[in-house]
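A.B. asks: Sharing a structure, written as structure tokens. Questions coming.
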Amino acid sequence: MSPRALPGPLAALGPRGRRALRRTADAALRPFGSVNGGHDAHQVAVTFDDGPDGTVTPQLLAVLARHGVRCTFFLLVDQAERHPELVRAVRDAGHEIALHGLDHRPLPRMGHRGALRYLRDARRRLEAVAGTTVRWYRPPYGLQSPASWAAARRAGLDVVVWSADAADWEDDPADVVLARAAAGLTPGGVLLLHERLEPGPDGEPVHTRFDRAALVDLLLTEADERGMTAVTVGELSRGGPRRTAWFR
């Protein structure tokens with residue numbers, strides 16, 4: 001979850017140079033890219049990781065219903081099997097159910113075959129709980145190698161990353177987190193939020209004190225005032241998704 005320092009050569013390029021390099025890499029590697037947006041400037045996919053959560057998920061569903069929007073929930077299978085009634089509540093409210101993993105282990109260290117077995121099992125078990133087809137997968141911590149990306153595709157999953165991260169795993173005041181989230185309401189973007197938090201990449205505990213449902217309520221009001229609609233990743237991708245070369 002914590003930001004990583006850029007390698008020396010990338011840091012030396014500067015922001016403009018890195019953006020130019022990213023555009024070139026995305027164009028060359030588009031067939032191997034991960035979804036990070038769509039083409040409708042009035043839409044933004046609002047996504048939630050690490051759930052479901054016994055307390056926060058019902059609160060989020062109530063907020064989303066009040067705003068009349070549908071979002072994508074990237075669920076962990078161990079949490080889904082612990083709270084099957086919440087998975088069904090998410091589904092029945094018209095939201096999109098997607099996979100975040102059996103648990104929160106990064107896939108690159110598993111190798112291709114290990115990642116493929118893991119993802120096939122995870123997809124099967126989540127679909128059994130949800131009673132619906134699972135199409136999308138988001139790698140924990142955004143960590144992905146070419147081998148794990150290929151494993152996801154072989155498992156019948158399309159990888160989704162993000163164009164903006166609210167960093168809502170930081171224990172900052174609610175107004176600071178809201179400002180970061182609002183900055184991520186970009187045309188055709190994918191915004192990363194969490195309904196609960198797993199430990200950090202080094203196993204460190206992560207705790208926050210702000211009200212997640214209240215923050216999302218304010219965020220959706222801001223989106224509406226900008227003339228933007230929160231949608232699922234599937235809705236955002238209907239005109240063909242944007243893709244980025246995402247390996248880290």
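A.B. asks: Select from region 47-79 the residues that are more than 16 Å from the chain's Cα centre (by Cα) and of a type in the set (Gly, Ala, Ser) and write down the one among them that is farthest from Asn36 (Cα to Cα).
C.D. replies: Looking at the filtered set, the residue picked out is Gly54.
A.B. asks: So, one more: I'd like the full set of residues that are in contact (Cβ under 8 Å) with a residue 60 or more places away in the chain and more than 17 Å from Leu64 (Cα to Cα), limited to region 202-233.
C.D. replies: Val206, the sole residue that qualifies.
A.B. asks: Moving on to the next point. If you scan region 228-241, which residues turn out to be more than 24 Å from Arg91 (Cβ to Cβ) and surrounded by fewer than 19 Cβ atoms within 10 Å (Cβ to Cβ)? Even if it seems obvious, please write down each step before you answer.
C.D. replies: Here is the first cut: in region 228-241, the ones more than 24 Å from Arg91 (Cβ to Cβ) are 228, 239-240.
Matches in region 228-241: Gly239, Gly240.
A.B. asks: With the condition kept exactly as written, say whether any residue in region 132-146 is in a helix (DSSP H, G or I), surrounded by fewer than 21 Cβ atoms within 10 Å (Cβ to Cβ), charged (D, E, K, R) and at negative phi.
C.D. replies: no
A.B. asks: If you scan region 42-57, which residues turn out to be farther than 16 Å from Ala164 by Cβ and either among the basic types (Lys, Arg) or open to solvent by 10 Å² or more (accessible area, probe 1.4 Å) (or both)?
C.D. replies: His42, Asp53, Gly54, Thr55, Val56 - these are the residues of region 42-57 that are farther than 16 Å from Ala164 by Cβ and either among the basic types (Lys, Arg) or open to solvent by 10 Å² or more (accessible area, probe 1.4 Å) (or both).
A.B. asks: Separate question: Working only within region 164-184, note down all residues that are open to solvent by less than 50 Å² (accessible area, probe 1.4 Å) and within 14 Å of the chain's Cα centre (by Cα).
C.D. replies: Matches in region 164-184: Ala164, Ala166, Ala167, Asp168, Trp169, Ala181, Gly184.
The values are calculated or read from the model by the stated rules, or taken from the named source; none is laboratory data. Values in this document were obtained by computation on a predicted structure and should not be read as measured data. Ideal geometry is used to build each Cβ from the backbone, glycine not excepted, and the neighbour counts take in all protein chains shown. Surface areas here come from the heavy atoms of the whole protein model, side chains and all, with no ligands, DNA or RNA. Shrake-Rupley method; radii C 1.70, N 1.55, O 1.52, S 1.80 Å.
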